[in-house]
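K.L.:
Got a structure for you, questions after.
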Amino acid sequence: MTDIMHSLADIVGEDYVSSQPEEIYFYARDPGLMPPHEPDYVVVPSTVEEIQEIVRLANREKTPVVPMGAGLALTGLIIPLKGGIVIDMKRMNRILEVNEGARYAIVEGGTSQGQLSAYLEKNYPRLRHSIPDAPPTATIAANVTIHGQGRLTQQRGFNSDMVGGLEVVLPSGEVCKIGSCALSFGWFSKGPPLPDLSGLFLGWFGATGIITKLAVKLYPRKKFRDVEIFVTDRGELVPDIVYEITHTEMAEDVLIFTQPMPLMFRDNHHVSFYITGDTDEELEFKRKLIWKALDRFIKAKDGGFMGIPPAMKPTLLEMPQRSASRLADVKRGGGFEYSGPIIMVEKYPECSEKLKELASQYGLAYSGMVRVIDGGHSMMFAFAFAFNRSDPDMMENTRKALKEVSDFVLKVGGVYWKPTVEEQRMALENMDPNTRKLMKMIKENLDPNGIMNPGNWEFIS
Ligand SMILES: Cc1cc2nc3c(=O)[nH]c(=O)nc-3n(C[C@H](O)[C@H](O)[C@H](O)COP(=O)(O)OP(=O)(O)OC[C@H]3O[C@@H](n4cnc5c(N)ncnc54)[C@H](O)[C@@H]3O)c2cc1C
């Protein structure tokens with residue numbers, strides 16, 4: 001054993017540290033397209049104090065540390081680009097408190113989406129959190145670190161907007177509380193009325209600290225939930241349709257999908273909206289308001305509602321939805337990856353045209369998946385392509401298509417979501433120079449030895 005290995009074993013116990021090739025293999029990659037890179041060690045700590053000691057050790061040894069949730073971000077954010085220690089957070093998975101009155105839950109930094117939703121369903125059936133459509137093992141802390149989005153995002157903003165406070169191990173090894181919990185026993189706000197320091201950690205992909213606890217805001221879970229799908233073959237009308245739906249303020253979630261398969265979907269744009277209510281009357285009231293708002297498109301013969309077969313309803317209503325991964329034939333070694341820029345809804349027609357153009361140019365199966373954010377202030381447009389891992393040409397074509405998406409996004413005023421390292425570089429090069437300087441100051445002051453998830457948000461001087 002090396003000195004570092006001994007020290008790590010002293011901190012977490014021999015059973016929870018490894019440098020064995022068969023384990024290192026898995027921690028070197030994610031399910032997306034990025035090339036793998038091996039860590040030197042993997043540790044699975046169970047307490048905040050252990051994480052503090054690991055980070056202090058990494059500082060002394062000038063060795064990178066990469067915090068990891070479920071490794072499902074797909075864009076290579078947990079690949080240890082410069083080796084070092086991967087900190088697998090999965091043992092820190094306790095649900096510490098649910099404050100029913102103030103509607104928040106405090107969880108540890110490795111708690112998964114599935115754990116919290118199952119716990120709430122069983123113990124607090126009138127409460128829910130914003131569940132992303134990622135597999136349920138995805139962690140809550142990582143999802144807010146990458147500004148994820150979920151089922152309540154249309155009404156409430158990014159999942160990171162729904163954070164009620166953070167506990168973070170800083171790159172120095174100190175523990176710091178962020179938000180109302182810095183001053184109060186209540187975890188009801190991530191910042192206001194204090195200066196909002198959560199921005200030093202959210203969006204940084206673990207490059208400024210490790211979240212060991214966080215509070216997520218909870219919202220009413222209504223008894224009934226339903227979905228409707230409005231279909232149009234005129235992509236240029238989709239922004240107007242979304243505008244009318246969001247104007248009613250009745251929809252919980254608004255998603256749009258466009259894909260060529262099955263054949264009946266080809267060249268159509270499906271705007272699905274979800275409504276909730278505690279009674280049939282509430283549900284019907286919301287449904288009718290939205291129907292009325294879309295009436296003019298029906299009268300002009302520009303679109304209409306799709307009858308949803310009863311067998312399809314449960315699939316559409318499940319949380320998380322699995323339709324994204326269905327695009328890829330995972331069982332036969334398929335994969336999929338998407339670039340999901342955050343962009344104004346008015347850019348939908350250009351984005352869907354670009355998606356089709358790239359799919360045809362590179363001969364790829366595609367799907368466009370959109371989530372409307374925060375009442376229509378923006379959307380996440382996922383340019384998703386499926387590939388077969390055993391076909392190197394197809395993998396290369398997918399890389400090329402996604403690279404073209406990265407260039408296109410900047411041209412149409414989009415901002416990368418969970419960007420790859422290459423997209424992070426492009427963002428840094430293209431942003432306001434004083435913003436870049438400010439980000440650099442923050443990173444260098446918090447992490448002077450550059451040990452936290454290096455390669456990410458790395459600054460070219
Ligand atoms: C089929 C599919 C569907 C998806 N749908 C959605 C969706 O609807 N909405 C959505 O938002 N995302 C979606 N995603 C993307 C992604 O899976 C999720 O955002 C997920 O929440 C990431 O969580 P994770 O635990 O896998 O993160 P990881 O990949 O493990 O980590 C992501 C980043 O967070 C950092 N990190 C991890 N833990 C910590 C910590 N405790 N402190 C600080 N930094 C940390 C990592 O270093 C990395 O930079 C989807 C992915 C797939 C495969």
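K.L.:
Rounded to whole Å, give me the distance from the Cα center of the stretch 355-431 to that of the stretch 1-75.
P.N.:
30 Å
K.L.:
Something else about it: Between beta-carbons, use under 11 Å as the cut-off and find the net charge around I11, counting Lys and Arg +1, Asp and Glu -1.
P.N.:
-4
K.L.:
Still on this model: Can you list which of the trypsin sites (Lys or Arg not before Pro) found in the stretch 162-228 are DSSP loop residues with at most 12 other C-beta atoms within 10 Å?
P.N.:
Listed in order of number, the matching sites amount to none.
K.L.:
Something else: Tell me the relative contact order for the stretch 1-126 as a rounded percent, counting alpha carbon contacts under 8 Å between residues six or more apart.
P.N.:
Relative contact order comes out at 22 percent.
K.L.:
Within a 10 angstrom radius of the beta carbon, how do F385, F158, F459 rank from fewest other beta carbons to most?
P.N.:
Ordered from fewest to most neighbouring Cβ atoms within 10 Å, F385, F158, F459 come out as F459, F158, F385.
K.L.:
Under 15 Å from the 7 Å Cα→Cβ point of L438, by amide nitrogen: which residues of the stretch 160-196?
P.N.:
195-196
K.L.:
Something else now. Among L197, L263, rank each residue by its count of other Cβ atoms within 10 Å, from fewest to most, as a rough exposure measure.
P.N.:
Details: L197 17, L263 7.
Final ranking by Cβ density, sparse to dense: L263, L197.
K.L.:
Can you give me the orientation-averaged projected area of the convex hull built on the Cα atoms of the stretch 306-434, in nm²?
P.N.:
10.0 nm²
K.L.:
Classify the chain as rounded, prolate or oblate, taking a ≥ b ≥ c as the square roots of the eigenvalues of its Cα gyration tensor: rounded when a/c is under 1.5, otherwise prolate if a/b is larger than b/c and oblate if not. The partial results should precede the final answer.
P.N.:
On the way: a/c = 1.83, a/b = 1.40, b/c = 1.30.
Prolate, because a/c is 1.5 or more and a/b exceeds b/c.
K.L.:
Using a Cα-Cα cut-off of under 16 Å, which lysines could be cross-linked to K356, ignoring same-chain neighbours fewer than 8 residues away?
P.N.:
K347, K400, K403
K.L.:
Run the numbers for K177 and A311: contour at 0.36 nm per residue of separation, minus the present Cα-Cα distance, in nm. Walk me through the numbers before you get to the answer.
P.N.:
Working: separation 134, 0.36 × 134 = 48.24 nm, distance 4.73 nm.
Residue separation times 0.36 nm, minus the Cα-Cα distance, leaves 43.5 nm.
K.L.:
Specify whether the C-alpha gyration tensor of the stretch 95-220 places it in the rounded, prolate or oblate class, a ≥ b ≥ c being the square roots of the eigenvalues: rounded for a/c under 1.5, otherwise prolate if a/b is larger than b/c and oblate if not.
P.N.:
Numbers: a/c = 1.57, a/b = 1.32, b/c = 1.19.
The shape class here is prolate.
K.L.:
Run the numbers for T47 and S323: contour at 0.36 nm per residue of separation, minus the present Cα-Cα distance, in nm.
P.N.:
Separation in residues times 0.36 nm, less the Cα-Cα distance, equals 95.8 nm.
K.L.:
Please list, or write none, the lysines whose alpha carbon is within less than 26 Å of the alpha carbon of K190, excluding same-chain residues fewer than 8 places away.
P.N.:
Within the straight-line cut-off, K190 pairs with K90, K177, K213, K217, K222, K418, K437, K440, K443.
K.L.:
Order by neighbour count: K299, K356, K403, K292, fewest other Cβ atoms within 10 Å first, most last.
P.N.:
The fewest-first ordering by Cβ neighbours comes to K299, K292, K403, K356.
K.L.:
Express the relative contact order of the stretch 95-220 as a whole percentage, based on alpha carbon pairs under 8 Å and six or more residues apart in sequence.
P.N.:
Contact order relative to length: 30 percent.
K.L.:
Can I ask one more? If you take every residue apart from E357 with its C-beta less than 11 Å away from the C-beta of E357, what net charge results, scoring Lys and Arg +1 and Asp and Glu -1?
P.N.:
-1
K.L.:
Sketch the reach of a paramagnetic label on K82 as a point 7 Å from Cα along Cα-to-Cβ, and name the residues of the stretch 435-461 whose backbone nitrogen lies under 17 Å away.
P.N.:
Hits in the stretch 435-461 for K82 at 17 Å: 440-461.
K.L.:
Out of all DSSP beta bridges with both ends in the stretch 3-88, state the antiparallel percent to the nearest 5.
P.N.:
In the stretch 3-88, DSSP labels about 20 percent of beta bridges as antiparallel.
K.L.:
With an 8 Å cut-off on Cα pairs and a minimum separation of 6 or more residues, tell me the relative contact order of the chain in percent.
P.N.:
Result for the chain is 15 percent.
K.L.:
Under a Cβ-Cβ cut-off of 13 Å, what is the net charge of the residues other than G109 that fall near it, where Lys and Arg count +1 and Asp and Glu count -1?
P.N.:
In short, 0.
Readers should treat all values here as calculations from the given coordinates under stated rules, not as data from a laboratory. Keep in mind that what you see is a predicted model, and the values were worked out from it rather than measured. Neighbour counts run over all protein chains shown; Cβ positions are idealised from the backbone, glycine included.
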